[in-house]
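Here the structure comes first, spelled out in structure tokens, and everything after it is commentary.
The values are calculated or read from the model by the stated rules, or taken from the named source; none is laboratory data. These figures come from a predicted structure and were not determined experimentally. With ideal geometry, Cβ positions are generated from the backbone for all residues, glycine too; neighbour counts draw on all protein chains shown.
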Amino acid sequence: MIIILLGPPGAGKGTQAQKIQNSHGLVQLSTGDMLRAAVAAGTEVGKKAKDFMEAGKLVTDEIVVGIIADRIEEDDCKQGFLLDGFPRTVAQAEALDKMLDQKALILGAVVEMKVDDEALVDRITGRYTCADCNQGYHEVNLKPKVDGVCDNCGSTNFNRRADDNRKTVSSRLETYHAQTAPLLPYYEAKGVLKTVDGMADIDDVSAQIKDVLSALA
Ligand code: ADP
Ligand code: ADP
Ligand code: ZN
């Protein structure tokens, strides 16, 4: 099964992808996580991506398409994968269509997570993750069970993203509306678009996505 999670920054794509990865055995492929790892490691890709990411702009299609093309060749993608944060432009969607065609793979569904812009600012400015296992949290909406200790791995180290600040958020939202929202009619026309209410509680959103996935199976 191949699924795309589509939605603005802070919609809950990563949160839901982590849950689906555990429940459905689909690997989460997050271009944002891969790019942040490349920046941290100081690779060529990382050097090219850093300034775009810090400005809340998109990294070039060439870079992200290359990253995904390589990644889906790996063994763990054979059972299916869940794309989180890719594609983000029509050109990326077209490149993905080509990759899937060449491998005779079929896109199961594009799950649109619909969230109001006002809610996104609070989600993004309150977001943090475990520095060791990347489990996502939120200052108000999703705290660890024991204060300051990761539920998943017990770590006491947490990170905040350099781009999760008020200033960058507005340019990320503008980028979403200008460059990524055109994917909605693109996938609607292919008959694969499924919309869920991303304003609901985390568990409620998971239940809605589960319904979409079970209708495909
Ligand atoms: P969010 O979870 O807030 O939607 P991501 O972690 O997916 O953000 O992405 C962080 C940044 O990485 C983006 O603002 C952009 O600069 C870059 N990025 C991630 N995925 C893509 C992509 N598919 N195309 C271009 N740039 C991307
Ligand atoms: P994305 O990957 O789409 O950028 P995240 O999954 O990282 O978004 O979620 C952004 C922040 O909002 C995180 O801190 C997360 O804990 C929180 N969050 C995710 N889904 C919800 C929800 N349905 N209701 C409230 N907060 C949420
Ligand atoms: Zn952890």
*Can you spot a residue in region 142-151 that is farther than 18 Å from residue 198 by Cα, crowded, with 16+ Cβ neighbours inside 10 Å and within 12 Å of ligand 2 (Cβ to nearest atom)?*
yes
*Answer with yes or no whether residue 174 is within 12 Å of ligand 1 (Cβ to nearest atom), loosely packed, with under 15 Cβ neighbours inside 10 Å and of a type in the set (Asp, Glu).*
yes
*Among 111, 115, which is the only one that is surrounded by 14 or more Cβ atoms within 10 Å (Cβ to Cβ) and within 9 Å of ligand 2 (Cβ to nearest atom)?*
115
*Close pairs (7 angstrom Cβ cut-off, 6 or more residues apart or separate chains): without any contact (Cβ under 8 Å) to a residue 24 or more places away in the chain in region 163-179, near ligand 1 (Cβ under 9 Å from one of its atoms) and not in a loop (DSSP other than H, G, I, E, B) anywhere*: none
*On the given criteria, is residue 112 touching a strand residue (DSSP E or B) at 6+ places or on another chain (Cβ under 6 Å), charged (D, E, K, R) and more than 16 Å from ligand 3 (Cβ to nearest atom)?*
yes
*Give me the pairs, please: first residue somewhere in region 193-217 and surrounded by 12 or more Cβ atoms within 10 Å (Cβ to Cβ), second residue anywhere and modelled with pLDDT under 95 and aromatic (Phe, Trp, Tyr), beta-carbon distance under 9 Å, and either six or more positions apart or on two chains.*
none
*Based on what the data block shows, is residue 67 within 18 Å of the chain's Cα centre (by Cα) and either more than 16 Å from ligand 2 (Cβ to nearest atom) or under 21 Å from residue 182 (Cα atoms) (or both)?*
yes
